[in-house]
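Let me begin by presenting the structure, written as structure tokens, before commenting on it.
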């Protein structure tokens, strides 16, 4: 079993085509949609967490690339520098997946890496440059 | 009734009862106002957040031969400083930028480095490159100077906040359909988030709404050392509408603060890069409030559900200078993480660090408890709600023959 996070970029012409369901049907992969930005006639972005057999996962990604979808691994390389963070929490409402949360009692801001989809909005939104991203 | 002299006597003996503005609430609930006013000597307040109207002035000493910086051009790590004084005094503002910074030409600009970062680095003891070009005189023959400078070699280095400790502030939202980048942070479209910037219950001037104990000369915690209230801050606006308990419903009083930069810590002075807006400096401030009587106590006992902030649309009302608001929300609601605007639930973000403000309130509490910090009596009051003193907009006048 493998569990990976990927960012899929759909070119305009593929946005209205049924593609992702094939991962389930042909490759037996399970997925969870972490983020989706799909608009008709525009490029679409889908962030998936995919579970399944390692070999089938690789085949599935190959299939996507063959159809014209750009596949990018979502290496979870967003990190928080606790020395730079001042626990203000201005990042909290910016995060689309609640990966940045505040402890109600201490007002300490915590970064929950497992929830992060590496969209990068916190990186530009943090005034103290405490968040960084590496692909 | 107590006097500051009596409180200082107790501080000197190590007997003073000192609590933070958050802790006082439970004490007064348990013991009642009368007993609490007798028991508690000092309540500490604090704030930590970006304040662009911060700066430093410093004296670099005279090189041999001498140079007159006044009237010349000076940069520090390529960030412009203001040299319009005598030969070797300089002022550096928190929002100053290097000349080559692209600003918002590539929108939104990143503003990675500027005055605020430079002030932080100076305090951290880093060497900075000073470059000056100027004109020569008979007594100041040099026209060019390039040298490292370090805080330990400066004659004086002083933090001067033209404005800080805003008594209440706007909650910023964006009612437009596109993202905007403001000094209140990144604001998502269609009321996607609401950003506020005060430490609520700990906010110094919200605990002394009529400035009955805080005035010119009040000794404070400033970025890790003792500083003073130098004057009222710019844009001081005490005559705004207030609640029954005297809490201003709009941005109101402000303070100008001063202190020795050489004794400060970068833990409490942080350079800030505000995406699409500019650079700034976050400053940690703590102010003690002597509980002289029951009236002063009543002010520090106002709860966060009795403090309100106006919600302002930063996509239209604010930039256009219109006085429209979308309503009021309480600090209790803001701090819960969600507020309701026009029947929509909006997540809130805070630009001030409540956690750091708590740390400051506790440090100041301990300084006083340990007898290291005596309270000072203001030498003059700040203009208060009955002064008629107002923050005016600029009256633009057409320049003739332009």
**Request:** Would you be able to tell me the number of residues in segment B:332-357 that are touching a strand residue (DSSP E or B) at 6+ places or on another chain (Cβ under 7 Å) and within 26 Å of residue B:165 (Cβ to Cβ)?
**Result:** 12
**Complete:** Within segment B:170-197, of all residues that are within 14 Å of another protein chain (Cβ to nearest Cβ), in contact with a strand residue (DSSP E or B) (Cβ under 7 Å, 6 or more places away or on another chain) and assigned to a loop (DSSP other than H, G, I, E, B), the one nearest to residue B:355 (Cα to Cα) is B:197
**Prompt:** Got at least one residue in segment A:78-98 being more than 14 Å from every other protein chain (Cβ to nearest Cβ), in contact with a helix residue (DSSP H, G or I) (Cβ under 8 Å, 6 or more places away or on another chain), closer than 24 Å to residue A:10 by Cα and in contact (Cβ under 8 Å) with a residue 24 or more places away in the chain?
**Reply:** yes
**Prompt:** Can you name every residue in segment B:198-247 that is away from every other protein chain (no Cβ under 14 Å), within 18 Å of residue B:329 (Cα to Cα) and within 14 Å of the chain's Cα centre (by Cα)?
**Reply:** B:203, B:206
**Asked** Which of the residues belonging to segment B:320-344 are more than 13 Å from chain A (Cβ to nearest Cβ) and part of a loop (DSSP other than H, G, I, E, B)?
**Response** B:321, B:322, B:323, B:324, B:325, B:326, B:327, B:342, B:343
**Asked** For residue B:49, are the conditions met, namely being out of contact with any helix residue (DSSP H, G or I) (no Cβ under 6 Å at 6 or more places or on another chain), buried (at least 21 other Cβ atoms within 10 Å of the Cβ) and under 27 Å from residue B:233 (Cβ atoms)?
**Response** yes
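Table: residues versus (1) out of contact with any strand residue (DSSP E or B) (no Cβ under 6 Å at 6 or more places or on another chain); (2) within 21 Å of residue B:284 (Cα to Cα).
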{"site": "B:364", "(1), (2)": "no, yes"}
{"site": "B:369", "(1), (2)": "no, yes"}
{"site": "B:376", "(1), (2)": "no, yes"}
{"site": "B:380", "(1), (2)": "no, no"}
{"site": "B:387", "(1), (2)": "yes, no"}
{"site": "B:392", "(1), (2)": "yes, no"}
{"site": "B:397", "(1), (2)": "yes, no"}
**Prompt:** Under the condition of being in a helix (DSSP H, G or I) and in contact with a helix residue (DSSP H, G or I) (Cβ under 9 Å, 6 or more places away or on another chain), which residue from segment A:14-54 is surrounded by the fewest Cβ atoms within 10 Å (Cβ to Cβ)?
**Reply:** A:26
**Message:** If I filter segment B:128-158 down to residues being in contact with a strand residue (DSSP E or B) (Cβ under 7 Å, 6 or more places away or on another chain) and assigned to a loop (DSSP other than H, G, I, E, B), which single residue comes out as surrounded by the fewest Cβ atoms within 10 Å (Cβ to Cβ)?
**Reply:** B:155
**Message:** Going residue by residue through segment A:101-118, is there one that turns out to be away from chain B (no Cβ under 14 Å), under 18 Å from the mean Cα position of the chain (by Cα) and farther than 28 Å from residue B:337 by Cβ?
**Reply:** no
**Message:** Cβ-Cβ distance below 7 Å, separation of 6 or more or different chains: which pairs start in segment B:345-359 with a residue that is more than 7 Å from chain A (Cβ to nearest Cβ) and end on one that is assigned to a strand (DSSP E or B)?
**Reply:** B:345/B:338; B:346/B:173; B:346/B:194; B:346/B:338; B:346/B:339; B:357/B:46; B:357/B:47; B:357/B:48
**Complete:** Here the residues within segment B:265-277 that are more than 10 Å from chain A (Cβ to nearest Cβ) and surrounded by fewer than 23 Cβ atoms within 10 Å (Cβ to Cβ) are B:265, B:266
**Asked** So is residue B:83 touching a strand residue (DSSP E or B) at 6+ places or on another chain (Cβ under 9 Å) and either at pLDDT below 95 or within 14 Å of chain A (Cβ to nearest Cβ) (or both) or not?
**Response** no
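Between B:249, B:219, B:212, which is surrounded by fewer than 17 Cβ atoms within 10 Å (Cβ to Cβ) and at pLDDT 95 or above?
Working: B:219 fails: surrounded by fewer than 17 Cβ atoms within 10 Å (Cβ to Cβ); B:212 fails: surrounded by fewer than 17 Cβ atoms within 10 Å (Cβ to Cβ).
Of the residues listed, the single one that is surrounded by fewer than 17 Cβ atoms within 10 Å (Cβ to Cβ) and at pLDDT 95 or above is B:249.
The values are calculated or read from the model by the stated rules, or taken from the named source; none is laboratory data. In this text the structure is predicted, and so the values were computed from the model without any measurement. Note that we place each Cβ from the backbone using ideal geometry, even for glycine, and neighbour counts take in every protein chain shown.
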